[in-house]
Every structure is written in structure tokens, then in C-alpha cells.
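Read through the structure below, which is laid out as C-alpha cells, and then see the notes.
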């Protein structure tokens with residue numbers, strides 16, 4: 001079983017990338033990491049200088065990102081990162097609550113030994129990096145913060161990967177992209193991040209104990225806690 005690393009540009013294992021694929025990967029990563037802030041313009045000239053990529057691959061990548069709602073295309077303003085919107089955030093939280101806990105419960109019931117090992121490994125990698133409260137902050141190490149984000153996504157992806165519904169997995173992945181974009185701008189407090197980390201541990205314990213209902217309940221609390229914490233920050237920012 002393989003688990004994607006959604007925030008890491010592919011192709012660094014000897015597989016050559018098309019220029020447009022590389023442009024898509026690095027732009028997507030930097031939008032999710034908040035390098036390009038919500039509402040900011042994505043001018044081709046600036047992007048060419050920053051990434052040393054030609055205009056055609058960048059334009060193709062921007063259209064692909066627009067199809068995933070990570071970029072907006074305005075006839076008058078060109079490409080830009082979508083602004084933050086409280087109503088959209090509430091909708092994202094509700095959709096994750098509808099889909100992801102049920103997927104986790106299904107995966108706990110159906111997952112084989114390879115799934116169990118993938119969940120355990122993903123959790124170990126996330127835990128090894130330390131608490132998010134010391135990493136994912138404006139003053140934290142950017143490289144380590146990016147690695148934490150990758151490992152965090154891997155853990156959540158591993159947890160639901162045996163749910164049996166490719167469409168559910170795909171929708172959850174797209175929701176997680178948008179969720180992470182908001183969370184990078186309006187992060188939970190240190191105390192809340194410690195509580196979220198403890199919930200990762202409890203999700204793992206429930207998954208290994210094959211208690212799908214408990215795993216789903218902790219995951220629902222996890223999403224709701226993040227939703228409330230980020231929502232408070234959004235009320236202040238937007």
C-alpha cells in the first residue's frame with residue numbers, strides 16, 4: 001500500500017516531470033503553505049522569476065489549480081489565490097465531518113495488515129517531528145513545518161485509505177487541500193494544537209484496537225476542534 005504525499009512535489013525519486021507538472025506541484029505546495037497569501041495576485045512575470053519556469057507551463061498549472069478551486073481566474077484581475085471566507089470555512093468543516101469519520105470507521109473495519117502498518121508508520125513519522133505547537137508557527141523552521149504538514153496529511157490519508165470508496169478518498173483529499181489552506185493562515189492555539197496531537201494518538205489506538213466507532217468519534221472531535229479554533233481566528237481576520 002502506498003500513501004501519497006500531497007504537499008510534496010513529485011518526481012524527486014528519479015522520475016522526470018513535465019514542466020507543467022512541476023509548476024503545478026510547486027505552486028500548489030506554496031499556496032497550501034501560505035507562501036502566496038489568500039487574495040494575492042499570481043502574476044505570470046513574478047512567478048517566472050520566482051520559480052524559473054516558462055510562461056506556458058505556469059499558465060497550464062494555474063488553469064489546473066483553478067479547476068481545483070485553489071486559484072481564481074478573474075477576467076479583469078487575472079489569476080489570484082482565493083480570499084478567506086468564513087461561510088466557506090464552515091462548509092468545509094461540515095463536509096469533512098460528513099465524509100471523513102465515516103471513511104475512517106469503514107477503513108478500520110476493512111483494513112488489512114498492510115493498512116495497519118501504513119497507519120502506524122504515518123503516525124510514527126508525524127510523532128517524530130514533535131508537536132505542531134513548536135513547528136507550525138510564524139517563527140518555526142519553514143522546512144520542518146513543511147515536513148510536518150506532509151506527515152500530517154499522510155496520517156489522515158492512511159487512516160481512511162482502506163475505506164473502499166475511491167471517490168470518498170478523492171473528495172477528502174480535495175477538502176483537505178482547502179482545509180489546510182485556511183489552517184495555515186489561522187492556526188489553532190498552542191494548547192489546542194497539543195489537544196489535536198493527543199487526538200492523533202487516540203485515533204491510532206482506536207484504529208489498532210479495531211474500534212471503528214471510537215476512531216470515527218475522535219476524528220469528528222478533531223475536525224470540530226480545528227473548525228472552531230480556526231473559525232475564531234477567521235472572525236478576527238475577515
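The values are calculated or read from the model by the stated rules, or taken from the named source; none is laboratory data. Just so we're clear, the structure is a prediction, and the values are computed from it rather than from any experiment. With ideal geometry, Cβ positions are generated from the backbone for all residues, glycine too; neighbour counts draw on all protein chains shown.
Within the range 59-73, is even one residue within 18 Å of the chain's Cα centre (by Cα), free of Cβ contacts under 8 Å to residues at least 40 places away in the same chain and surrounded by 14 or more Cβ atoms within 10 Å (Cβ to Cβ)?
Residues of the range 59-73 within 18 Å of the chain's Cα centre (by Cα): 64-71.
Then keep just the ones that are free of Cβ contacts under 8 Å to residues at least 40 places away in the same chain; that gives 66-67.
With surrounded by 14 or more Cβ atoms within 10 Å (Cβ to Cβ) added as a condition, the list becomes 66.
Looking through the range 59-73, at least one residue is within 18 Å of the chain's Cα centre (by Cα), free of Cβ contacts under 8 Å to residues at least 40 places away in the same chain and surrounded by 14 or more Cβ atoms within 10 Å (Cβ to Cβ).
How do the helices (runs of 4 or more DSSP H) wholly within the range 26-142 filter down when requiring 1 or more residues that are modelled with pLDDT of 95 or more, touching a strand residue (DSSP E or B) at 6+ places or on another chain (Cβ under 9 Å) and closer than 24 Å to residue 170 by Cβ: which remain?
Ranges flagged: 55-67.
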Practice task
Would you mind finding the one in 190, 124, 128 that is more than 29 Å from residue 112 (Cα to Cα) and either out of contact with any helix residue (DSSP H, G or I) (no Cβ under 7 Å at 6 or more places or on another chain) or surrounded by fewer than 18 Cβ atoms within 10 Å (Cβ to Cβ) (or both)?
Solution key: 190
Exercise for the section: Looking only at the range 177-185, decide whether some residue is over 18 Å from the mean Cα position of the chain (by Cα), within 21 Å of residue 232 (Cβ to Cβ) and in a helix (DSSP H, G or I). Expected result: no
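Which of the residues spanning the range 217-238 are part of a helix (DSSP H, G or I) and either under 15 Å from residue 120 (Cβ atoms) or more than 19 Å from the chain's Cα centre (by Cα) (or both)?
Looking only at the range 217-238, we keep the residues that are part of a helix (DSSP H, G or I), and these are 217-237.
Scanning the range 217-238 gives 217, 232, 235, 236, 237.
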Handout entry: Test result for residue 50, surrounded by 19 or more Cβ atoms within 10 Å (Cβ to Cβ) and at negative phi
Key = no
